Amino acid sequence: MGSASSIEHCVVSELVATKLVELGNLLCTAGDSELGELLKEICDSPLRIFSLRNALLQKLQTIPPPILKEPSESLWLQNYNPPSGISLTDAEQTKLLSLFKEWTLKEADITQLNENALSWYENPSAFCATAPRLDTPSNPEIVGVYFDEYAVVENAQIRNRPRRRVILLETFLAIQREEDSLRRAKRPKQRQADISMRTTAVRSIAGRLWGKGCPPAEVKRREKRLMKMVRYGERWSLINAKGLVLGLPNKSKKFEEQHWSPNEKHAINAFLETHPIYTLREALDNAMEAITREWSRQVQDCRVSTHEKLDLLYQAALLSDQQHVVDSIVDNSRNPQYNSTTSRVVDGQSVPSRAVSITGDLSPRQAHVGAESANRDTYTTIGAATGLAYP
């Protein structure tokens, strides 16, 4: 009795019947005439619609709900056990998950990256692009080179991200070496509570690079930019396998601008060991070493070239007996920024080795010339006095 009542209530309404007929016609047109005709016949048969309804409901109940597959990065974080024993907070996991998703690489990207790494290793000068200019305000130190190169990368229409990261990383490492040098030279009583060693190191480098050739306001602006470069570079230094810096694909500055706790740093490096890019570690490390060596070589070539210029001017001044020019070079060489690693010692004073071979024994004042380089204004002054044009 109840079954018959259910059948009566399943009589197809006119609107539903119309739609079933339309659907049947569409199926026939699409090539499935068997199912199309069946749908059209259902409209005239309460028994069939009742059977269809039961069949659909029963089928839906037996089909399990779809399982949403979690991203591999999320699963990795769930299974990650920090060596410190302190679990990552929810906020740290969210931050790391966002970063890891940015580091996703396709198989084609890995293939291309491997080719790039081999190319950079074999021809690092192509990566470095340009050698440092010889007319920088002071010694062409590596920080000054990276500072100029960073501006070129940032202002380019298409940003070279691997090159940018290497510049930032190497700038940080250079400032870190300056910090170590300042710590060794600093006496315990000279500790400054209000100025960090990082700030002191940046100011020290900035002063040697631009202190004599730029207005104070411009030096301050460059200090601020250099400090930002150091901060960004410090983030990339968190990656233990330095070569990977060349290949990570993230386009945003999230990684550079955020602070990362020691726990997060461990997680980042542990995750990278499972990343496809890690299979290229050796090739990328070799490329990174070749690139940094090439930049250092370019700077060294520049220093040698600058030293030779000063050497020639010094010799010309002595030979022409222009003592005021010699004095100018001597006074300039007393600047602590000059490095005399390529000079020799005569009478306890540092002098360019080539000058010693020509001038023989020098007075202590003359022999004090140990400058490896001088600024362009000094060259111009000395050149005018000696009749030598600036090379």
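The values are calculated or read from the model by the stated rules, or taken from the named source; none is laboratory data. Just so we're clear, the structure is a prediction, and the values are computed from it rather than from any experiment. Methodologically, a virtual Cβ is constructed for each residue, glycine included, from the backbone with ideal geometry; neighbour enumeration extends over all protein chains shown.
Worth pointing out:
- First in segment 173-185 and in the same structural domain as Met288 (by TED's automatic domain parsing), second anywhere and among the hydroxyl-bearing types (Ser, Thr, Tyr), Cβ under 8 Å, 6 or more apart: Leu173/Ser237; Ala174/Tyr146; Glu178/Ser204; Glu179/Thr200; Leu182/Thr200; Leu182/Ser204
- Scope segment 16-37; condition of a type outside the set (Lys, Arg), assigned to a helix (DSSP H, G or I) and out of contact with any helix residue (DSSP H, G or I) (no Cβ under 7 Å at 6 or more places or on another chain); matching residues: Val16, Ala17, Thr18, Glu22, Leu26, Thr29, Ala30, Ser33, Glu34
- Qualifying residue in segment 226-235 (condition: modelled with pLDDT of 95 or more, in the same structural domain as Tyr150 (by TED's automatic domain parsing), buried (at least 18 other Cβ atoms within 10 Å of the Cβ) and over 12 Å from the mean Cα position of the chain (by Cα)): yes
Condition check ((1) part of a helix (DSSP H, G or I); (2) within 14 Å of the chain's Cα centre (by Cα); (3) more than 23 Å from Pro82 (Cβ to Cβ)) across all residues:
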residue: Arg177; (1), (2), (3): yes, no, yes
residue: Asp180; (1), (2), (3): yes, no, yes
residue: Arg203; (1), (2), (3): yes, no, yes
residue: Glu218; (1), (2), (3): yes, no, yes
residue: Arg221; (1), (2), (3): yes, no, yes
residue: Gly243; (1), (2), (3): yes, yes, yes
residue: Asn263; (1), (2), (3): yes, no, no
residue: Ala270; (1), (2), (3): yes, no, no
residue: Thr274; (1), (2), (3): no, no, no
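- Taken over segment 183-206, the residue count meeting the criterion of being at pLDDT 90 or above and among the small types (Gly, Ala, Ser) is 3.
- From Lys212, Lys228, Lys251, residue being closer than 30 Å to Thr89 by Cα and either touching a Gly at 6+ places or on another chain (Cβ under 6 Å) or in contact (Cβ under 8 Å) with a residue 24 or more places away in the chain (or both): Lys251
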